[in-house]
Amino acid sequence: MRVLVIGGGGREHAIAHACARHGHEVLCTPGNPGIAAHARLIDSPQDAPTLAQLAQREGADLVIVGPEAYLAAGVVDECAALGIPAFGPTRAASRLEGDKAWSKAFMQRHGIPTAAHHAFSDLQTALDHAATLTPPIVVKDAGLKAGKGVTIAHTHAQAQDALRDIFTQPGAQAVTEDFMTGQEVTILALCSGTRYALTPPSQDHKTIFEGDTGPMTGGMGVICPFPLEPGLLGVIRRDIIEPTLRGMTAEGLPYTGVLYAGLMLTPTGPKVVEFNARFGDPEAETVLPLLTSDLAQHALDATRGQLDPTHVTFSEDASATIILAAPGYPAEPQKDIPITLPDPGPHGIIHHAGTRTQGGQLLSSGGRVLAITATAPTLNAALTRAYALADQTSFPGAQLRRDIGRRIGAHPDPT
């Protein structure tokens with residue numbers, strides 16, 4: 001089929017690659033130099049009506065929407081109005097990610113376990129409440145922040161600063177939450193109403209520095225699969241995924257697309273840290289290389305209400321992704337740094353997350369620049385291959401974490 005992928009980062013590179021390797025013709029807008037190896041790139045205005053018209057003009061059989069901002073802008077709704085199947089939640093259903101205050105209230109309504117929380121629409125009330133809490137305090141911007149907008153405040157002063165920063169924007173809302181402890185894990189579900197298929201569990205590493213320190217980023221590296229204790233996946237299905245999909249349907253917001261459940265495995269059981277309404281980034285770059293069945297067909301089936309979870313299959317291999325980020329990221333990333341890439345070989349993929357070309361030279365163009373993924377029969381071997389590939393990449397000043405996987409005792413094999 002002809003598939004239009006919308007977006008231009010590492011996640012969309014992974015989606016385009018997953019579709020192309022099953023023989024589909026892939027188009028992408030705006031795309032990036034890495035995606036160009038798998039898809040025909042189309043330059044287009046990025047507003048929702050124009051993108052839907054582009055899909056119609058190009059004769060797309062399916063649209064797959066990558067970034068959350070496009071979902072919130074109503075790309076899926078615009079495509080539906082033109083009769084074009086689009087894999088992703090509607091604008092209204094994407095509120096599960098786009099409005100954290102609403103999302104928290106939704107979880108409360110449907111008994112979905114999450115941290116105790118309060119939502120605020122004015123600064124002073126938020127400051128007064130934060131003063132009553134015992135640090136560490138989780139402070140979140142309730143709007144779309146591309147996986148950022150979260151502060152773990154270890155003092156009241158840090159919490160106050162985070163709240164003041166959020167409320168510099170008109171119409172802002174903030175959420176404070178109790179701090180949860182435990183291992184963090186990502187569960188991705190391909191969804192069609194109340195039918196769903198899970199990907200293998202993965203674990204992202206969100207802070208910029210090793211030892212889980214420093215500012216929050218969009219993610220600095222991922223391992224897959226994460227070793228869940230026996231029976232725990234069944235608990236996650238029963239207590240989190242299924243009541244979420246039932247609740248969305250009951251509230252008139254049937255959910256089609258990818259449900260991202262970021263979970264904390266607390267001493268009292270798994271709890272939701274946040275929901276996202278799309279593939280995670282960089283989780284997609286780690287999980288999708290393990291998908292052995294046809295992503296595009298699953299997505300099309302989901303839009304038709306025909307998703308068959310038994311047809312969604314994954315390799316038994318492991319996968320690891322190492323992010324190479326620009327100097328200065330996440331605050332002020334440097335751009336236009338020359339990059340030279342090695343041959344990734346049969347077990348590696350270099351996903352482009354923030355790159356462009358000029359005069360035949362590959363240059364950095366964003367904060368997270370490359371997502372370097374490798375697969376292998378074991379997680380340690382996948383980490384070994386991914387780090388070796390990262391070290392062969394010429395990208396002066398690149399930031400990377402050397403401890404991806406260490407939380408669960410995984411590490412590159414000694415050489």
Query raised in the report: What base-10 log of the normalised intensity I(q)/I(0) is obtained for segment 245-308 from the Debye formula, alpha carbons as equal point scatterers, at q = 0.21, 0.24, 0.26, 0.29 Å⁻¹?
Result: -1.07, -1.16, -1.19, -1.21
Report summary line: Length gained if residue 392 through residue 105 is fully extended, taking 0.36 nm per residue and subtracting the Cα-Cα distance, is 98.6 nm
Report task. First obtain the Kirkwood hydrodynamic radius of segment 92-177 from its Cα pairs, then insert it into the Stokes-Einstein equation at 37 °C and 0.692 mPa s, and state the resulting D in µm² per second as a whole number. Result -> 253
Query - Label point 7 Å beyond Cα of residue 216 along Cβ direction - residues of segment 164-203 with amide nitrogen under 16 Å - result: 164-168, 173-182, 184-186
**Report entry** For segment 329-378, fraction of C-alpha pairs farther apart than 15 Å, in %
**Finding:** 51
Query raised in the report: What is the dipole size for the chain, taken about its Cα centre, with +1 at each Lys and Arg Cβ and -1 at each Asp and Glu Cβ, in debye to the nearest 20?
Result: 160
Query raised in the report: What order do you get for 151-163, 5-17, 270-282 when each peptide is scored by the mean count of other beta carbon atoms within 10 Å, highest first?
Result: 5-17, 270-282, 151-163
Query raised in the report: What is the dipole size for segment 123-230, taken about its Cα centre, with +1 at each Lys and Arg Cβ and -1 at each Asp and Glu Cβ, in debye to the nearest 20?
Result: 340
Query - Mean residue ellipticity (222 nm) of the chain, computed from DSSP H runs ≥ 4 via -39,500 (n - 2.57), nearest 500 - result: -7000 deg cm²/dmol
Requested in this report: Calculate the dipole size of segment 51-174 relative to its Cα centre from +1 charges on Lys and Arg beta carbons and -1 charges on Asp and Glu beta carbons; express the result in debye to the nearest 20.
Outcome: 220
Report summary line: Net charge (Lys, Arg +1; Asp, Glu -1) of residues whose beta-carbon lies under 14 Å from that of residue 210, residue 210 excluded, is +3
**Report entry** Three principal axis lengths of segment 107-242 [C-alpha, angstrom, descending]
**Finding:** 43, 37, 27
Query raised in the report: What Kirkwood hydrodynamic radius, in Å, does segment 367-415 give when the mean of 1/r is taken over all pairs of distinct Cα atoms and then inverted?
Result: 11.5
Report task. Apply the Karplus parameterisation 6.51 cos²θ - 1.76 cosθ + 1.60, with θ equal to phi minus 60°, to every residue of segment 150-155 and state each ³J(HN,Hα) to the nearest whole Hz, in sequence, with x for glycine and proline. Result -> 10, 10, 9, 8, 8, 9
Query - Cα Rg, Dmax (largest Cα-Cα span) when computed across the chain, Å - result: 20.4, 58
**Report entry** Rounded D (µm²/s) - segment 1-70, Kirkwood Rh over Cα pairs, Stokes-Einstein at 37 °C, 0.692 mPa s
**Finding:** 284
Requested in this report: Treating the Cα atoms of segment 22-181 as identical point scatterers in vacuum, please give the log10 of the normalised Debye intensity I(q)/I(0) at q = 0.12, 0.16 Å⁻¹, two decimals.
Outcome: -0.67, -0.90
Requested in this report: Which order do the peptides 214-226, 95-107 take when ranked by the mean count of other beta-carbon atoms within 10 Å per residue, highest first?
Outcome: 214-226, 95-107
**Report entry** Pairwise Cα inverse-distance average, inverted: Kirkwood Rh of segment 284-378 (Å)
**Finding:** 15.4
Query raised in the report: Just the accessible area for residue 357, please: 1.4 Å probe, Å², rounded to the nearest 10?
Result: 90
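The values are calculated or read from the model by the stated rules, or taken from the named source; none is laboratory data. Just so we're clear, the structure is a prediction, and the values are computed from it rather than from any experiment. Heads up, the Cβs are rebuilt from the backbone with ideal geometry, glycines too, and the neighbour counts pull from every protein chain shown. When the accessible area is computed, the model is the full protein with side chains, heavy atoms only, and any ligands, DNA or RNA have been set aside. Shrake-Rupley method; radii C 1.70, N 1.55, O 1.52, S 1.80 Å.
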